[in-house]
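One structure is given below, encoded as structure tokens.
The values are calculated or read from the model by the stated rules, or taken from the named source; none is laboratory data. Predicted, not measured: the structure shown is a model, and the values here were computed from it. Neighbour counts run over all protein chains shown; Cβ positions are idealised from the backbone, glycine included. Heavy atoms of the whole protein, side chains included, go into the accessibility calculation; ligands, DNA and RNA do not. Shrake-Rupley method; radii C 1.70, N 1.55, O 1.52, S 1.80 Å.
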Amino acid sequence: MTLELRDVTKTFSDDASSGVRNVSLRLPEGQLTALLGPSGAGKTTAMRLIAGLLAPDSGDILLDGTSILPLPPERRGIVLVFQNALLFPHMSLAENVAFGLKMRGLPRDETARRVAEMLDLVQLTGLGSRRPHELSGGQLQRGALARALVLKPRLMLLDEPLSSLDVALREDMRDLIRHLQRATGVTLLMVTHDQSEAVALADRIALMMAGRLIQEAGPDEIFQRPNSVATARFFGGTNFLPGRADKGRFISSLGPLVLPPGQPNGPGVLTIRPEAVQLVDGSGDVRAQVTEKLFLGSQTRVRLLADGVPLTALVAPDRAEALSPGSWIGVRLPTHALWVLPAPAAD
Amino acid sequence: MTVARLQLMAGVVLAAALIAPLVPLAIWSFAHGWRFPDLMPRQYSLAAWTFALSAQSGVLSSLWTTFAIAGATTVVAAVIGLPAGRALGLYDFPGKRIVLLLLIAPALVPAIAIAPGLHAVFLHLGLSASWTGVVLAHLIPVIPYMTLILAAAFARFDPVHEDQARSLGARPWQVFRHITLPMIGPSLLIGSLFAFLVSWSQYLLTLVIGGGKVQTLPLTLYSFAAAGRNDITGAIALIYILPGVVVLIFTARRITGRHPSLARGLAP
């Protein structure tokens, strides 16, 4: 099963923010892809287009090379699981899980068998006769997953499956989704606005912003080697230094810095993740003055000003203990952590 | 005083207020003459009931007519009210307030004010003195109830359930049958009940539009009342109120027992 979106566009006359524009994307078979982006990026619209609940203005959506646009939602073999664990309130858990099979006219005994099997898989054994209002948030969510998985879909779409759960449940559910995906081998596309969720769960991440697909890559790659300032910012990047790359060095107001190999020459924006910035006692690569210090628990965030360039470092709390606003410190920007982004278009 | 005792007292008062007016009717229907100042009739007979239930009186045939017209009115009102209520409950569109006002209008305007004009129009269309015409006329006071009750139900209904069902493999009619209908079911039942009873109790519109050709129970009832036959009137009146009572008894539980999960939402 391979899903492919080809140059798909869908805009809404009354809501400019939630459309999708010229999105092309391939979902690798049997993998979990996260469709990541801020709210209003068009993620849910993309889901509805794939599920067949919306028709695109232009472009094509293919499953194993065949366009599925002519097929109504119920014939696509794609199941979309909506946000907030929408179990039908007028049915028991077992009736909910059996719903899709019943619609397909499966014999009663086989339906019962597959429902029981699926309830075991999502650890809801014995709760089949409960009504949705008698289930906890986590149980509802697992019920909704079971209701979709029991249909053995070619592709399963999850819309923000974790956002309605509290933090403690979220990790359990994350593990369960991962486990279910591996156990069933279903191809999964999951919408989320939470980059940490995407990084922890997904094999591939597709980042969308303002209706466009910005970058599609593995979690490591998109995290360490973003393709734009926007992507880097979305993944928590804070340090951006305009300048130009020239023969393995980056020339900017901080002076020349040695780049890792393979960086193209020309104007660009140098970035380094805040946790890669090191504070040292000597002079380091550059001297900087502390402007702000914020204790975040497991890390301390230190804002610095080096030759008029703002930098942010995330360091171990004990490393920052002696610092206070106004004090001077050496800053090291390790070569292996430097990454040059294309200079953004003027905006 | 406990809540239970208050409830019991309220129940007793309500029952007394509703049932007391029916008592004289019941007595009349078995009376063989009942003159002032006697507190109770001196003699009883089954003559009124025998006559009322005979083919000659026309009561049974008008009972059937009333039932059929009320049933048809209810079905048509539901068919119109479901999409109309959905549009009003789920979507915002320009002119929605005007549509709402127009919908309530028939409930505000007395039937006698529109009956003559309606009659003229129906005559012109060849609809007067026909069952179709009477059903159409009954729809005027019935549709507001049905539509507004269903609009309120759809305002509480989240259509994403339908999308979810669709994505799980349900065809459009299956979505309606298994998702939409059960979820708005209690309201549809209330709306239908109202529709049936409003049509059941129509007098004026049936008289004017039916032109004497469509003889429903209230018309028969009134003709005996006007003729001063209190015994027969009493018997017919009891027959007349029976369906309302029966329907109410059978549906009361379903009307009040709504799905708890609808009210509680999905909160754990």
> For B:Pro243, all conditions in the list (1) modelled with pLDDT of 85 or more; (2) closer than 20 Å to B:Thr74 by Cβ; (3) of a type outside the set (A, V, I, L, M, F, W, C) hold save one; what is the number of the exception?
Replying inline: (1)
> Under the condition of being within 14 Å of another protein chain (Cβ to nearest Cβ) and open to solvent by less than 70 Å² (accessible area, probe 1.4 Å), which residue from the stretch B:246-265 is modelled with the highest pLDDT?
Replying inline: B:Gly257
>> Being more than 13 Å from chain B (Cβ to nearest Cβ), open to solvent by 10 Å² or more (accessible area, probe 1.4 Å) and in contact with a strand residue (DSSP E or B) (Cβ under 6 Å, 6 or more places away or on another chain) is the requirement here; does A:Ser129 meet it?
In response: no
> Are any residues in the stretch B:144-155 in contact with a Leu (Cβ under 7 Å, 6 or more places away or on another chain) and either open to solvent by 30 Å² or more (accessible area, probe 1.4 Å) or within 10 Å of another protein chain (Cβ to nearest Cβ) (or both), and if so, which ones?
Replying inline: B:Leu148
> If a residue has to be without any contact (Cβ under 8 Å) to a residue 60 or more places away in the chain and either within 18 Å of B:Ile140 (Cβ to Cβ) or crowded, with 19+ Cβ neighbours inside 10 Å (or both) to count, how many in the stretch B:78-97 make the cut?
Replying inline: 1
> Which residues, counting only those in the stretch B:164-184, are without any contact (Cβ under 8 Å) to a residue 24 or more places away in the chain and facing chain A (nearest Cβ under 8 Å)?
Replying inline: B:Gln164, B:Ala165, B:Arg166, B:Ser167, B:Leu168, B:Gly169, B:Ala170, B:Arg171, B:Gln174, B:His178, B:Ile179, B:Pro182
> Which one of the conditions (1) more than 8 Å from every other protein chain (Cβ to nearest Cβ); (2) open to solvent by less than 10 Å² (accessible area, probe 1.4 Å); (3) in contact with a helix residue (DSSP H, G or I) (Cβ under 6 Å, 6 or more places away or on another chain) does A:Pro161 fail to meet, given that it meets all the rest?
Replying inline: (3)
> Is it the case that some residue within the stretch A:96-112 is touching a residue at least 40 places away in the same chain (Cβ under 8 Å), open to solvent by 10 Å² or more (accessible area, probe 1.4 Å) and more than 8 Å from chain B (Cβ to nearest Cβ)?
Replying inline: yes
> Considering only residues of the stretch A:38-53 that are open to solvent by less than 40 Å² (accessible area, probe 1.4 Å), in contact with a Ser or Thr (Cβ under 9 Å, 6 or more places away or on another chain) and within 14 Å of chain B (Cβ to nearest Cβ), which is farthest from B:Val175 (Cα to Cα)?
Replying inline: A:Thr45
>> Based on this model, can you work out whether B:Trp34 counts as at pLDDT 80 or above and surrounded by 10 or more Cβ atoms within 10 Å (Cβ to Cβ)?
In response: no
> Among the residues of the stretch A:312-347, how many are touching a helix residue (DSSP H, G or I) at 6+ places or on another chain (Cβ under 6 Å) and either more than 25 Å from A:Glu292 (Cα to Cα) or among the aromatic types (Phe, Trp, Tyr) (or both)?
Replying inline: 2
>> Looking at the stretch A:1-37 only, could you name the residues that are basic (Lys, Arg) and surrounded by 21 or more Cβ atoms within 10 Å (Cβ to Cβ)?
In response: A:Lys10
> Could you list, in sequence order, the residues of the stretch B:156-189 that are among the hydrophobic types (A, V, I, L, M, F, W, C) and open to solvent by 40 Å² or more (accessible area, probe 1.4 Å)?
Replying inline: B:Trp173, B:Phe176, B:Leu181, B:Leu189
> So which residues in the stretch B:186-210 are in contact (Cβ under 8 Å) with a residue 60 or more places away in the chain, over 18 Å from B:Ser130 (Cβ atoms) and polar (S, T, N, Q), if there are any at all?
Replying inline: B:Ser192
>> Being closer than 13 Å to B:Ala52 by Cα, more than 14 Å from chain A (Cβ to nearest Cβ) and either part of a helix (DSSP H, G or I) or modelled with pLDDT under 70 (or both): is that true of B:Ile232 here?
In response: yes
> Within the stretch B:53-60, can one find any residue that is modelled with pLDDT of 80 or more, open to solvent by 90 Å² or more (accessible area, probe 1.4 Å) and out of contact with any helix residue (DSSP H, G or I) (no Cβ under 9 Å at 6 or more places or on another chain)?
Replying inline: yes
>> So the check is Cβ under 6 Å with 6+ separation or different chains; which pairs have a first residue in the stretch B:211-223 that's more than 11 Å from B:Ile69 (Cβ to Cβ) and a second one that's at pLDDT below 85 and open to solvent by 30 Å² or more (accessible area, probe 1.4 Å)?
In response: B:Gly211/B:Ala129; B:Lys213/B:Ala129
> Of all residues in the stretch B:146-169, which are farther than 12 Å from A:Leu86 by Cβ and either at pLDDT below 90 or assigned to a loop (DSSP other than H, G, I, E, B) (or both)?
Replying inline: B:Arg156, B:Phe157, B:Gly169
>> Looking only at the stretch A:11-44, how many residues end up being more than 14 Å from A:Leu207 (Cβ to Cβ) and of a type in the set (A, V, I, L, M, F, W, C)?
In response: 4
> Any residue at all in the stretch A:116-123 that is at the interface with chain B (Cβ under 8 Å from one of its Cβ atoms) and either open to solvent by 20 Å² or more (accessible area, probe 1.4 Å) or in a helix (DSSP H, G or I) (or both)?
Replying inline: no
